[in-house]
Amino acid sequence: MGVVALVPAAGRGERLGFGMPKALVPVAGVPLLVRAIRGLFESGRVRHVVVAAPPSDVDQVRTVTAPLAPAGGAVHVLAGGAERSDSVRLALEHALAEVPDVRVVLVHDAARAFTPPAVVRDVVDAVLAGHPAVIPVLPVADTVKRVDPKGVVVDTPDRSLLRVVQTPQGFDAATLRAAHESGLHATDDAGLVERLGVPVVTVAGHQDAMKVTTPFDLAVAEALLVGGTG
Ligand SMILES: Nc1ccn([C@@H]2O[C@H](COP(=O)(O)OP(=O)(O)OP(=O)(O)O)[C@@H](O)[C@H]2O)c(=O)n1
Ligand SMILES: C[C@](O)(CO)[C@H](O)COP(=O)(O)O
């Protein structure tokens with residue numbers, strides 16, 4: 001099937017403030033990165049994962065992730081870059097060079113460690129059905145304002161047309177490669193693809209796929225586990 005998942009995991013986790021790279025922070029004893037990779041493999045759609053690891057922790061990441069791979073698959077680990085987009089680009093280059101017959105590429109934040117495997121399946125299946133770019137999204141629950149640089153409200157966008165964007169984001173391999181070779185900048189990979197004029201379609205995300213960014217998010221993640229849904 002040729003599905004490879006890139007996992008940017010090289011962030012420092014400064015907003016979490018745990019004193020170690022966020023991907024290695026344990027929740028109930030299991031690092032976020034390990035949970036994220038397990039979810040990808042449990043989807044049944046992914047055999048190869050390429051992790052962009054914190055440069056200081058590449059060997060440790062190799063040790064903890066190697067046993068996670070299913071038969072016939074592998075977890076590849078390399079040093080990530082200065083920005084998330086650099087980490088994704090490095091992982092993509094590695095995947096295209098080292099993993100045979102890559103047709104679909106997922107990009108999945110290690111920080112979205114509790115993403116249900118069903119979301120992974122839905123994204124992969126939509127790409128395999130012919131969509132070049134697919135992202136999981138949620139509706140916006142709050143009223144949203146645009147403000148000017150002084151914080152004065154400019155207007156109130158129609159929130160029925162707004163979505164919160166999660167990962168994994170799925171792409172056909174050629175589309176993602178073109179996006180990362182474009183020299184453009186965006187805060188997510190779909191943002192690069194959009195700017196190439198390629199249509200990006202949405203599937204339903206899940207609240208458990210939240211990005212663990214702050215200590216509050218970590219507390220929510222721990223509560224999810226206690227509640228048995230994480
Ligand atoms: N140079 C970077 C920066 C981020 N990431 C990854 O991109 C994902 C989303 O980034 P974010 O949640 O913002 O993580 P951090 O950059 O670690 O957060 P902070 O800004 O608080 O340091 C994370 O899995 C993170 O590890 C990465 O691979 N390489
Ligand atoms: C890719 C992403 O998780 C989609 O919501 C998000 O854009 C990552 O942003 P960050 O600022 O690099 O955490």
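The numbers here are math on the coordinates, done by the rules we state, and not lab data. Because the structure is a prediction, the values reported are computed rather than measured. For neighbour counting, all protein chains shown are included, and Cβ atoms are generated from backbone atoms with ideal geometry for every residue, glycine included.
Taking the helices alone, the chain has a mean residue ellipticity at 222 nm of -9500 deg cm²/dmol, built from -39,500 (n - 2.57) per DSSP H run of at least 4 residues and averaged over all its residues. Loop-located trypsin sites (Lys or Arg not before Pro) in segment 1-98 (DSSP state other than H, G, I, E, B) with a sparse environment of at most 15 neighbouring Cβ atoms within 10 Å: R12, R15. Once the chain from R103 to E222 is taken as fully extended at 0.36 nm per residue, the excess over their C-alpha distance is 39.3 nm. When restricted to Cα atoms, segment 66-191 yields an Rg and a Dmax of 17.2, 56 Å, respectively. Note that segment 42-86, at 25 °C in a medium of 0.890 mPa s, gets a Stokes-Einstein diffusion coefficient of 217 µm²/s from its Kirkwood radius over C-alpha pairs.
Shown here are the Rg and Dmax of the Cα trace of segment 2-225, at 17.2, 56 Å.
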